[in-house]
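Notes follow once the structure below has been shown.
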Amino acid sequence: MELITGEDVRKVYHNGGVPVEALKGVSFSIEKGAFASVVGPSGSGKTTLLNLIGCLDKPSAGKLLVAATDVAVLDRRDAALFRGTHIGFIFQSFNLIPILTAYENVEYPLIVVQNVPGSRRREQIEELLEAVGMSDQKGKRPDQLSGGQKQRVAIARALVTHPQLVLADEPTANLDHETAMGILRLMKRIRDERETTFVFSTHDHRIIGEAEVLYRIEDGVVKTHKDNGGPGHG
């Protein structure tokens, strides 16, 4: 079943009054439970595509369905609500809040976005911190954690709202090989257990090698789509 479908998706930015076409009529589909990677050189449009899927920006033209919702027509309020209930984000720089503990960072979207009651929050947070192997570090702030530990907290935060889709922009770029591979194995295990769809934008050959579906973008156009085995592969 398809979770994401794009039909002739275009994105035009204006730089000093000059139109710049970042995406030039992209059409694609991503199935539920996919472990997919969007690859391409810098400036190819891959981050733009992730931002559109994540409702952080709007297409200039075309149709973009995410979880059966045409996100291209959502206004700012509805886009924020959709993000909070359907999508989790993992960033290269982790984007943890420095003054909050690991536990509080994972708790944050449950308070601010979903307003989940305290008793249920604790249960969800503890479950995910245990799943990512960070239960014993939950009282530490980000500056007391290693890069791999920060990324594990970021993964828990992305998953705590039970999103159907997790978007990850260069999530392993700041990690050493062993830590990066451990993070990838963790995300695949979570995908298998929860049927969460993961879509990456990356240059990292470690992710490209582990991805089950590859979408290559060049000059704002999807050039190739390669299926490496589908959900459950590897």
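Rule-based calculations on the coordinates, nothing more; no lab input. In this text, all values refer to a predicted model and were calculated from it rather than measured experimentally. With ideal geometry, Cβ positions are generated from the backbone for all residues, glycine too; neighbour counts draw on all protein chains shown.
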Inset, instruction - With θ set to phi - 60°, apply the Karplus curve 6.51 cos²θ - 1.76 cosθ + 1.60 along region 63-71 and write out the HN-Hα couplings as whole Hz, x wherever there is a Gly or Pro. - result: 10, 9, 9, 10, 6, 6, 10, 7, 6
Inset, instruction - State the antiparallel share, in %, of DSSP beta bridges confined to the chain, rounding to the nearest 5. - result: 55 percent
Legend entry - Rotationally averaged projected area of region 127-234 (alpha carbon convex hull; nm²): 7.5 nm²
Inset, instruction - Report, by chain and number, residues whose modeled amide H sits under 5 Å from the one on VAL12, excluding near sequence neighbours (fewer than 5 apart, same chain). - result: ALA22, SER60
Inset, instruction - Consider just the alpha-carbon atoms of the chain and return their Rg together with their Dmax, both in angstrom. - result: 17.5, 53
Inset, instruction - Could you tell me whether region 135-195 comes out rounded, prolate or oblate from its Cα gyration tensor? Rule is a ≥ b ≥ c as square roots of the eigenvalues, rounded for a/c under 1.5, then prolate if a/b exceeds b/c, otherwise oblate. - result: oblate
Inset, instruction - Set Lys and Arg Cβ to +1 and Asp and Glu Cβ to -1, take the dipole of region 1-46 about its Cα centre, and tell me which of VAL18, VAL38, THR5 lies farthest positive. - result: VAL18
Legend entry - Tally of Lys pairs whose C-alpha atoms are under 15 Å apart, taken over the chain, 8 or more apart or cross-chain: 13
Inset, instruction - Could you give the size of the charge dipole of region 28-133 about its Cα centre, using +1 on the Cβ of each K and R and -1 on the Cβ of each D and E, expressed in debye and rounded to the nearest 20? - result: 340 debye
Legend entry - Charge dipole (debye, nearest 20) of the chain; +1 at Cβ of Lys and Arg, -1 at Cβ of Asp and Glu: 300 debye
